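The values are calculated or read from the model by the stated rules, or taken from the named source; none is laboratory data. The shown structure was predicted, so the numbers you read here are calculated from the model rather than taken from an experiment. Glycine gets a Cβ as well: all are built from the backbone with ideal geometry, and neighbour counts include every protein chain shown. Side chains are part of the model used for accessible areas, which takes the heavy atoms of the whole protein and leaves out ligands, DNA and RNA. Shrake-Rupley method; radii C 1.70, N 1.55, O 1.52, S 1.80 Å.
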2 protein chains.
Amino acid sequence: MDNSVRIKFDKIDRRILEILQANAKITNAQLSKDIGLSPAPTLERVKKLEQSGIIKSYHAKLDPEKIGLGVSTFVLVSLIGHNKGNIDAFMKEINGIPEVIECHHITGTGDFILKIISKDITAYQKLMLEKVSEIKEVDSMQSMVILSTFKDSKVLPIPA
Amino acid sequence: MDNSVRIKFDKIDRRILEILQANAKITNAQLSKDIGLSPAPTLERVKKLEQSGIIKSYHAKLDPEKIGLGVSTFVLVSLIGHNKGNIDAFMKEINGIPEVIECHHITGTGDFILKIISKDITAYQKLMLEKVSEIKEVDSMQSMVILSTFKDSKVLPIPA
DNA sequence: TTTTGCACCACATAAAATTTTGTAAAAACA
DNA sequence: TGTTTTTACAAAATTTTATGTGGTGCAAAA
């Protein structure tokens, strides 16, 4: 798999990455102007960044409210046991729930933090009662409802 | 601003949104095949979805580890006061810190939850000490370090 | 110094996006 | 219900963009 390879990239590549994170729909011609190269080598660099796995994918970002998704939450989850089998089983269940858009294993009080998005509070409650809390590995849960989102950047700060 | 308008979209639009969330780089020709329309009306629909603000933007997703970002955290932040002035001041500071990629106002114990990404634990500590905890509106903070990420979906579940 | 290998540019070609035009179906209206 | 208006669509033409090719300069290694 070679998943932890350090790939080298220079200042120009870094600039390409910054631009494509902020705006994936830029044309190669415009991108090449912005970074000060001609289109051909610009495209080469982008392809290399894709092939090396530095660029994983491209996504459209939607407005949750405009598609009828009014409630987002973070949920801290504790499992009944912390062995690999339990965690795997839990993850398998979580993967099958599209409303759970993130799942991270964390240090601290809980074991996992989930990000969940749903239509409204009613739908959220139903989801939690009928799906999440039904997972047998789940011990306790603590919800934090998002009142408003002030920052949601898709641009990672690339270290020098 | 007209920010909370309900825009109507049908089943075809919903499929377009699902596809573009998962893969923004699909060609219009391929997209039109997938949804069973010809290229022209397909493109029209995409443009309308963009103009209405349902599609907000397009982003490249990078591999954090491959660009040298090894530590991600969630941080619960409590402010010293909960009035609008304090919150605005806090938000202004947060917006100036690129390592803070998300900031949500939440219910529950804390006031805010941040998602922070940095090079390593040392860089994280430095960031927290010198930037975040220096914000004068901040009272207390509680960090949760992400050990591993099992799910990080860029596809929102669009309600029927 | 010569060679090798990149990284680049300019240009040609292929592919894709976008516009235009015309038509049919659906919705609004009298 | 019949008429008008609007909307959605396809096909084809046009414009824009991506992509491939060949050639040049420069830097590092022989």
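Accessible area per residue for the protein assembly as shown in Å², computed with a 1.4 Å probe and the full protein assembly in place, what is it?
Solvent-accessible surface per residue comes out at 51 Å².
What residues does the range B:34-73 have that are buried by at least 40 Å² of accessible area in the full protein assembly compared to the chain on its own, 1.4 angstrom probe?
Buried-area filter returns B:54, B:56, B:58, B:59, B:60, B:61, B:62, B:63, B:66, B:67, B:69.
Run the numbers on the range A:65-145 and let me know its relative contact order in percent, using alpha-carbon pairs under 8 Å that are six or more apart.
Across the range A:65-145, relative contact order equals 49 percent.
Treating the point 7 Å from Cα along Cα-beta-carbon as the label, what are the nm separations from residue A:86 to the other copies, to one decimal?
3.8
How high is the relative contact order of the range A:94-138? Use alpha-carbon pairs under 8 Å, at least six apart in sequence, and give a whole percent.
28
Taking K and R as +1 and D and E as -1, what net charge do the other residues with C-beta under 15 Å from the C-beta of residue B:40 add up to?
Neighbourhood net charge equals +3.
Express in nm, to one decimal, how much length is gained between residue A:56 and residue A:40 on full extension, taking 0.36 nm for each residue of separation and deducting their alpha carbon distance.
Length gained, residue A:56 through residue A:40: 3.6 nm.
List the distances, in nm to one decimal, from the label point of residue A:37 to the label points of the same position in every other copy, shortest first, placing each label point 7 Å from Cα along the Cα-to-Cβ direction.
Reported distances to equivalent positions: 3.6 nm.
To the nearest 20 Debye, how big is the dipole of the protein assembly as shown about its Cα centre, given +1 on the beta carbon of each Lys and Arg and -1 on that of each Asp and Glu?
Using only the charged Cβ atoms, the result is roughly 1100 debye.
Quick one: Cα convex hull volume of the range B:65-145, Å³ per residue?
Measuring per residue, one finds 82 Å³ for the Cα hull of the range B:65-145.
Report, largest value first, the span of the C-alpha coordinates of chain A along each principal axis, in whole Å.
Taking the Cα atoms of chain A, the three principal extents are 56, 38, 25 Å.
Could you give the longest part of chain A that holds none of the trypsin sites (Lys or Arg not before Pro) found in DSSP loops with at most 16 neighbouring Cβ atoms within 10 Å?
The longest uninterrupted stretch comes out as A:26-135.
Which one of A:95, A:83, A:23 has the biggest mean-square fluctuation once chain A is modelled by GNM with Cα springs under 10 Å?
A:83
Given a 1.4 angstrom probe, I'd like the percentage of the accessible area of the protein assembly as shown that is carbon and sulfur, rounded to a whole number.
Roughly 54 percent of what the probe reaches on the protein assembly as shown is carbon or sulfur.
Give me the net charge of residue A:118's neighbourhood, meaning all other residues with Cβ under 10 Å from the Cβ of residue A:118; Lys, Arg count +1, Asp, Glu -1.
0
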